[in-house]
1. If you go through the range 168-179 one residue at a time, how many are open to solvent by less than 30 Å² (accessible area, probe 1.4 Å) and either among the hydrophobic types (A, V, I, L, M, F, W, C) or without any contact (Cβ under 8 Å) to a residue 24 or more places away in the chain (or both)?
2. Of all residues in the range 230-251, count the ones that are under 19 Å from Ala104 (Cβ atoms) and not in a helix (DSSP H, G or I).
3. Return yes when Asp184 is open to solvent by 30 Å² or more (accessible area, probe 1.4 Å) and not in a helix (DSSP H, G or I) and no when it is not.
4. For the range 80-94, give me each residue that is of a type in the set (Lys, Arg) and either touching a helix residue (DSSP H, G or I) at 6+ places or on another chain (Cβ under 6 Å) or at pLDDT 95 or above (or both).
5. Inside the range 163-181, can you point out the residues that are within 13 Å of Asp250 (Cα to Cα), part of a strand (DSSP E or B) and of a type outside the set (A, V, I, L, M, F, W, C)?
6. Filter the range 1-22 down to residues that are of a type in the set (Gly, Ala, Ser) and surrounded by fewer than 24 Cβ atoms within 10 Å (Cβ to Cβ) and give me whichever is modelled with the lowest pLDDT.
7. Step by step: first the residues of the range 66-92, then only those that are free of Cβ contacts under 8 Å to residues at least 60 places away in the same chain and among the aliphatic types (A, V, I, L, M), then the one that is most open to solvent (accessible area, probe 1.4 Å). Which residue is that?
8. Taking Ala59 as the residue in question, decide whether it is at pLDDT 95 or above, within 30 Å of Ala300 (Cα to Cα) and not in a loop (DSSP other than H, G, I, E, B).
Amino acid sequence: MRVLLVGAGGVGTAVTRIAARRDFLTHMVVADYDLARAEAAVAALEGHGDRFSARRLDASDEEAVRQVLAEESCDALLNATDPRFVMPLFNAARAAGTHYLDMAMSLSAPHATHPHERCGVKLGDAQFEQAGTWERSGRLALVGMGVEPGLSDVFARYAADELFDEIEEIGVRDGANLAVEGYDFAPSFSIWTTIEECLNPPVVYEKDRGWFTTAPFSEPEVFDFPEGIGPVECVNVEHEEVLLIPRWIDARRVTFKYGLGDDFIARLKTLHELGLDAIEKVTVPSENGPVEVSPRDVVAACLPDPATLGDRMTGKTCAGTWVKGTKDGSAREVYLYHVVDNQWSMGEYGSQAVVWQTAVNPVIALELVASGAWSGSGVLGPEALPPRPFLDLLTEYGSPWGLREGS
């Protein structure tokens, strides 16, 4: 399989390190707006350089992306950029006739008058509007194929297929005990994306009501995470699983809650109050005259690159899916989960835990598509495909998943 990887940041670089160990990959073109970053990702792959090459590419330039896909005879495009670039990359892959995978879906927009009650434009709406075109093309657009969304959706499908007869609630729960030495505030993932998902109105799904929204950070609960992480307070956050799971799995309620902590929430609220979460550009003076900048981009530029924090980071991160329902007439609750220890991911791959855990899942999905174990056409979420091959391959990659009975 020949793959165009767009984005050579933390997750994209981790993708190259994982994919380099797998035989299914014939060649991967690593593309980034910053050519030096793409070249550095390729140069780090000692002994595998012949299967990787670097190119400069503007992810917002749909025609340029299409041309690279054609020139490089790519079978698939893997999007490892932030959600702003989903649609041009998605459209370019369709135009080029290649498969497409991403880890975050097209952006949402709050309801104009009732943002904390009703959905406006939902995550992924722009992509699902093109589902028919993709299906007619015979190509697969596999959306939300990271860890959350992604592996969490695979867990939901596995639970529906093998563990439950009826499902009352599916709740994705994410928590960690990660700490970064020397920093009071150093997010372990893209702050641009974190601001987007945490400050937008969270979406909840209920079978009798459909999709609706609540206030950010609503419905706090303490969830006990496995493998020594322990209890973490989690709150509602906007996330793709709530928009994906109900399309293919019958559940009465679907939620997503993230363990952020009071300090992190307070900082996000301050950014919002100051307008520093805005993506619309503002004019600021400089020694060379007025320049236009996005406040959120400034915040991201002022914080350390999450990909560089691995050596200072300790602890574990857990992604998982809690499911409640019945099996054989009896009540049942399970938590299916995946834990990555930062010490292990740094020692084995040189990637910090959060970006590695995100990156491993699209690589597994690419391998399943290449082998034919996963196939289909149209715009599909991970829960539309059989879960067993994915979970077996995750274990083969050296990072097994777990299942805990009870809450």
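The values are calculated or read from the model by the stated rules, or taken from the named source; none is laboratory data. The structure presented is a predicted model; accordingly, all values stated were derived computationally and were not measured. Counting neighbours? That spans all protein chains shown, and the Cβs are built from the backbone with ideal geometry, glycine included. For accessibility, only protein heavy atoms count, side chains too; no ligands or nucleic acids. Shrake-Rupley method; radii C 1.70, N 1.55, O 1.52, S 1.80 Å.
1. Number of matching residues: 2.
2. 4
3. For Asp184, the condition - open to solvent by 30 Å² or more (accessible area, probe 1.4 Å) and not in a helix (DSSP H, G or I) - is met.
4. Arg94
5. Hits for the range 163-181 are Glu166, Glu168, Glu169.
6. Of everything passing the filter in the range 1-22, Gly9 is modelled with the lowest pLDDT.
7. Looking at residues that are free of Cβ contacts under 8 Å to residues at least 60 places away in the same chain and among the aliphatic types (A, V, I, L, M), I get Ala70.
8. Considered against the rule, which asks whether it is at pLDDT 95 or above, within 30 Å of Ala300 (Cα to Cα) and not in a loop (DSSP other than H, G, I, E, B), Ala59 comes out as no.
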